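Visitor: Have a look at this one before I ask anything.
The values are calculated or read from the model by the stated rules, or taken from the named source; none is laboratory data. Not measured: the values here are computed from a predicted model. Here the Cβ positions follow ideal geometry from the backbone for every residue, glycine too, while neighbour counts run over all protein chains shown.
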């Protein structure tokens with residue numbers, strides 16, 4: 001009903017003559033028990049109009065935890081000051097022109113107009129401000145509370161709360177800068193834990209080894225989310241971010257990010273230098289070919305929260321990234337899916353691809369999307385030659401987020417496609433035609449997944465936190481891909497970081513793979529780590 005209410009209100013403001021037309025035509029009012037509605041003239045606005053702003057709560061409350069929808073009315077010549085919010089907000093301009101700016105400096109003469117019907121987003125922890133000029137403006141705003149306005153000075157630093165207090169305002173961090181500004185203080189009760197007794201009592205029968213992999217002299221491990229097992233069942237392939245944290249730019253551009261190790265942890269080979277922009281996902285097919293998902297473009301930086309190129313980005317590069325690449329085991333490029341460097345949502349483009357998987361017939365499945373716009377949040381299916389077959393939404397039923405719905409992919413012995421819907425803290429299970437078969441929430445917030453030859457499912461969770469009321473602890477859940485029963489859990493050594501910890505955004509195991517002997521290998525983005533897990537002596541397999 002919320003979606004219908006939203007569209008009906010939008011229509012009412014964009015077409016103010018609708019009610020009069022209906023009355024002239026003698027049309028009866030709809031039954032309010034079927035379609036409750038409020039016409040613009042009957043909305044009970046709250047707040048003092050003399051202060052230039054009023055609001056109407058459609059549902060929820062932006063000052064409290066949970067989702068909300070409000071209508072916000074600005075009167076002529078009213079502007080907010082530069083500020084940010086701890087959570088993303090979704091905006092629709094219903095009437096008038098909203099004049100906006102993303103500058104730290106307050107200057108209404110340098111604002112940009114967004115007219116009626118415009119859809120926009122206030123990204124979390126990013127500075128913006130807006131208002132009305134010579135006409136009233138009405139906005140629809142949807143978001144997750146609490147959503148305080150944190151005013152900033154001309155350097156972007158938060159100003160003290162005007163009332164001298166306020167827990168939410170004082171707890172908020174400055175807006176983030178840089179290429180991957182995803183770390184932010186999370187609202188909620190930091191001491192609350194909704195973790196189940198069953199999850200707390202899961203056994204942990206594994207020993208951890210962080211010194212197993214032997215790197216060439218001088219080679220530094222960068223952030224690593226991509227890992228798989230070679231077709232021999234025992235060698236390990238990883239793709240790391242060229243010795244850095246994010247992009248393969250600057251000196252890191254010439255570092256080969258795709259690396260192979262033998263079953264004893266010895267380095268075998270590496271390739272991919274100057275070919276990958278933002279390493280994210282890796283898959284080894286049945287013929288031993290290496291498929292990689294290169295998330296971001298090296299010429300279009302609209303997917304970054306800063307919307308600007310990193311300082312070490314090349315000036316005039318050959319367009320690359322935002323695509324999926326297929327390599328032979330020797331490193332020869334065999335296929336490219338997507339248009340290098342160009343985001344898009346049609347049959348030929350991809351937008352922030354996160355993962356790739358193939359089936360026994362050679363059909364290719366791409367998890368197209370990540371955690372910022374532009375993001376498609378879809379699964380794209382191609383035939384073995386790379387010809388587009390179809391695409392479908394990866395977000396499942398009643399999603400609270402339309403971002404990060406497909407962070408990881410894996411497939412079971414039945415050919416069911418498991419999709420790591422990290423944005424909604426669950427696994428979506430589809431058949432190969434895109435029909436949704438099941439949704440599982442018992443494996444945590446999936447960043448990485450792997451299903452072994454026995455249909456055992458391994459799910460790496462690197463982002464559970466206070467946002468999910470600590471329902472899960474970061475680590476690796478292990479269970480049956482057939483029944484969904486969870487049988488073991490390997491907690492991350494850091495557990496769930498405190499909201500003010502530098503590793504609060506992503507930490508611990510993000511990628512996971514398992515060899516034919518049942519040895520588990522895990523990768524981490526923050527901090528960069530490769531870990532090997534083996535069963536403890538006398539532990540049940």
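Visitor: Tell me which of these residue 541 doesn't satisfy, since it passes every other one: (1) surrounded by fewer than 20 Cβ atoms within 10 Å (Cβ to Cβ); (2) modelled with pLDDT of 85 or more; (3) within 24 Å of residue 231 (Cβ to Cβ).
Guide: Looking at each condition in turn, residue 541 falls short on (2).
Visitor: Further question on the same structure: Kindly check whether there is at least one residue in the stretch 402-421 that is under 29 Å from residue 119 (Cα atoms), modelled with pLDDT under 95 and surrounded by fewer than 18 Cβ atoms within 10 Å (Cβ to Cβ).
Guide: Within the stretch 402-421, one or more residues are under 29 Å from residue 119 (Cα atoms), modelled with pLDDT under 95 and surrounded by fewer than 18 Cβ atoms within 10 Å (Cβ to Cβ).
Visitor: Kindly indicate whether residue 270 is under 21 Å from residue 332 (Cβ atoms), assigned by TED's automatic domain parsing to the domain that holds residue 297 and at pLDDT 95 or above. Outline the logic, then answer.
Guide: Working: under 21 Å from residue 332 (Cβ atoms): yes; assigned by TED's automatic domain parsing to the domain that holds residue 297: yes; at pLDDT 95 or above: yes.
In short, yes.
Visitor: Scanning the stretch 376-396 for residues that are outside any strand (DSSP E or B) and touching a strand residue (DSSP E or B) at 6+ places or on another chain (Cβ under 8 Å), which turns out surrounded by the most Cβ atoms within 10 Å (Cβ to Cβ)? Break it down stepwise before answering.
Guide: In the first step, residues of the stretch 376-396 are kept if they are outside any strand (DSSP E or B); the result is 376-377, 383-387, 394-396.
Still in the running and touching a strand residue (DSSP E or B) at 6+ places or on another chain (Cβ under 8 Å): 376-377, 383-384, 386, 394-396.
Details: 376: 27, 377: 24, 383: 12, 384: 13, 386: 14, 394: 31, 395: 22, 396: 18.
Among residues in the stretch 376-396 that are outside any strand (DSSP E or B) and touching a strand residue (DSSP E or B) at 6+ places or on another chain (Cβ under 8 Å), the one surrounded by the most Cβ atoms within 10 Å (Cβ to Cβ) is 394.
Visitor: Are there strands (runs of 3 or more DSSP E) fully within the stretch 320-367 with at least 2 residues that are in contact (Cβ under 8 Å) with a residue 60 or more places away in the chain, within 18 Å of the chain's Cα centre (by Cα) and within 16 Å of residue 275 (Cβ to Cβ)? List them. Break it down stepwise before answering.
Guide: Values: elements: 321-327, 333-337, 353-358.
Passing ranges, in order: 353-358.
Visitor: Just one of (1) more than 27 Å from residue 210 (Cβ to Cβ); (2) in a strand (DSSP E or B) trips up residue 260, so point out which.
Guide: Failed condition: (1).
Visitor: Taking the residues in the stretch 202-224 that are closer than 16 Å to residue 533 by Cβ and not in a loop (DSSP other than H, G, I, E, B) as candidates, determine which candidate is nearest to the chain's Cα centre (by Cα).
Guide: The first filter runs over the stretch 202-224 and keeps only residues closer than 16 Å to residue 533 by Cβ, leaving 202-213, 224.
With not in a loop (DSSP other than H, G, I, E, B) added as a condition, the list becomes 206-209, 224.
Numbers: 206: 30, 207: 31, 208: 28, 209: 29, 224: 16 Å.
Here the answer is 224.
Visitor: OK, next. I'd like the full set of residues that are part of a strand (DSSP E or B) and surrounded by 21 or more Cβ atoms within 10 Å (Cβ to Cβ), limited to the stretch 72-88. Step through it out loud before you land on a result.
Guide: Here is the first cut: in the stretch 72-88, the ones part of a strand (DSSP E or B) are 72-74, 79, 83-84.
Of everything in the stretch 72-88, those that are part of a strand (DSSP E or B) and surrounded by 21 or more Cβ atoms within 10 Å (Cβ to Cβ) turn out to be 73, 74, 84.
Visitor: Residue 400 versus (1) assigned to a strand (DSSP E or B); (2) under 30 Å from residue 301 (Cβ atoms): which is the lone unmet condition?
Guide: All conditions are met except number (1).
Visitor: Conditions first: (1) part of a loop (DSSP other than H, G, I, E, B); (2) surrounded by fewer than 24 Cβ atoms within 10 Å (Cβ to Cβ); (3) in contact (Cβ under 8 Å) with a residue 12 or more places away in the chain. Residue 483 passes all but one, so which condition is the exception?
Guide: For residue 483, the failing item is (3).
Visitor: Considering only the stretch 397-413, state which residues are over 15 Å from the mean Cα position of the chain (by Cα) and in contact (Cβ under 8 Å) with a residue 40 or more places away in the chain.
Guide: Kept after step one, since they are over 15 Å from the mean Cα position of the chain (by Cα), are these residues of the stretch 397-413: 397-398, 410-413.
Answer for the stretch 397-413, where residues must be over 15 Å from the mean Cα position of the chain (by Cα) and in contact (Cβ under 8 Å) with a residue 40 or more places away in the chain: 397, 410, 411, 412, 413.
Quick grid of which residues meet (1) in the same structural domain as residue 330 (by TED's automatic domain parsing); (2) touching a strand residue (DSSP E or B) at 6+ places or on another chain (Cβ under 9 Å); (3) surrounded by fewer than 22 Cβ atoms within 10 Å (Cβ to Cβ):
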residue: 235; (1), (2), (3): yes, yes, yes
residue: 238; (1), (2), (3): yes, yes, no
residue: 252; (1), (2), (3): yes, no, yes
residue: 264; (1), (2), (3): yes, yes, yes
residue: 274; (1), (2), (3): yes, no, yes
residue: 279; (1), (2), (3): yes, yes, no
residue: 286; (1), (2), (3): yes, yes, yes
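Visitor: Which residues, counting only those in the stretch 65-91, are more than 12 Å from residue 143 (Cβ to Cβ) and either touching a residue at least 60 places away in the same chain (Cβ under 8 Å) or under 25 Å from the mean Cα position of the chain (by Cα) (or both)? Give the derivation first.
Guide: First, pick out the residues of the stretch 65-91 that are more than 12 Å from residue 143 (Cβ to Cβ): 71, 73-84.
Those that are more than 12 Å from residue 143 (Cβ to Cβ) and either touching a residue at least 60 places away in the same chain (Cβ under 8 Å) or under 25 Å from the mean Cα position of the chain (by Cα) (or both): 71, 73, 74, 75, 76, 80, 81, 82, 83, 84.
Visitor: In addition: Look through 483, 523 and report the one residue that is more than 19 Å from residue 265 (Cα to Cα) and either modelled with pLDDT under 95 or in the same structural domain as residue 224 (by TED's automatic domain parsing) (or both). Working first, answer last.
Guide: Details: 523 fails: more than 19 Å from residue 265 (Cα to Cα).
Going through 483, 523 in turn, the sole match is 483.
Visitor: Name the one entry in 292, 227, 268 that is over 26 Å from residue 505 (Cα atoms) and outside any loop (DSSP other than H, G, I, E, B).
Guide: On the way: 292 fails: over 26 Å from residue 505 (Cα atoms); 227 fails: over 26 Å from residue 505 (Cα atoms).
On inspection, the qualifying residue turns out to be 268.
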